[in-house]
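**Student:** Quick one: structure below, then a few questions.
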Ligand code: CMP
């Protein structure tokens, strides 16, 4: 298996409820290593850029509002098959459909406030990591 990196966000609904440590323990328990991490308060413009792929979707405005409403924790995770491994431990986008033991099943409130984001492919992981981290901030 290939060592990969993926980009993660612990979203405002999670930081508000003080779930950073709980979610990080689930990430590490899934065999992923947190090789970069910082807490930031996204501006609207940063949230719009980050979610530009969804700009024509009906939920885009609410998504940008929610992501810029309170601090988030942005992370780079590293491990075997990290992109799929993280998506597996995150669980389905809709927490009602998430499997038991996943982050979204345990922590998410609803589809919008679903506690975590993870990249969906190597190309998006590279773009998302580069939006938030410079090379020397990532220590594997
Ligand atoms: P995320 O993985 O961050 O990517 C896009 C986000 O949009 C998603 O998680 C959800 O938080 C949010 N969202 C809100 N409504 C929907 C929807 N109907 N389908 C997909 N994503 C949605």
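Only the coordinates and a few stated rules stand behind these numbers; no lab work does. These figures come from a predicted structure and were not determined experimentally. Note: ideal-geometry Cβ built from the backbone for every residue, glycine included; neighbour counts use all protein chains shown.
**Student:** Between residue 127 and residue 18, how many nm apart are label points set 7 Å from Cα along the C-beta direction?
**Tutor:** 3.8
**Student:** Please report how far the C-alpha centroid of region 30-58 lies from that of region 60-100, rounded to the nearest whole angstrom.
**Tutor:** 9
**Student:** Ignoring everything except DSSP H segments at least 4 long, calculate the 222 nm mean residue ellipticity for the chain; use -39,500 (n - 2.57) per segment, divide by total residues, nearest 500.
**Tutor:** -10500 deg cm²/dmol
**Student:** Distance in nm between label sites at residue 65 and residue 25, each 7 Å beyond Cα in the beta-carbon direction?
**Tutor:** Those two pseudo-labels are separated by 3.4 nm.
**Student:** So for the pair residue 80, residue 52, with labels modelled 7 Å out along Cα→Cβ, what separation do we get in nm?
**Tutor:** Going by the 7 Å Cα→Cβ label model, 3.6 nm.
**Student:** As a footprinting exposure proxy, order 50, 59 by other Cβ within 10 Å, with the fewest listed first.
**Tutor:** Exposure proxy ranking, most exposed first: 59, 50.
**Student:** What ranking do 40-47, 75-82 get when scored by the average of other Cβ atoms within 10 Å per residue, highest first?
**Tutor:** Put in order of decreasing packing, that is 75-82, 40-47.
**Student:** Further question on the same structure: Cα gyration tensor of the chain, axes a ≥ b ≥ c as square roots of the eigenvalues: rounded (a/c below 1.5), prolate (a/b > b/c) or oblate?
**Tutor:** Rounded.
**Student:** Once a ≥ b ≥ c are taken as the square roots of the eigenvalues of the Cα gyration tensor of region 7-46, is the result rounded (a/c under 1.5), prolate (a/b larger than b/c) or oblate (a/b not larger than b/c)?
**Tutor:** Oblate.
**Student:** Going by the alpha-carbon gyration tensor, a ≥ b ≥ c the square roots of its eigenvalues, is region 38-90 rounded (a/c under 1.5) or, if a/c is not under 1.5, prolate (a/b greater than b/c) versus oblate?
**Tutor:** Note, shape of region 38-90 comes out oblate.
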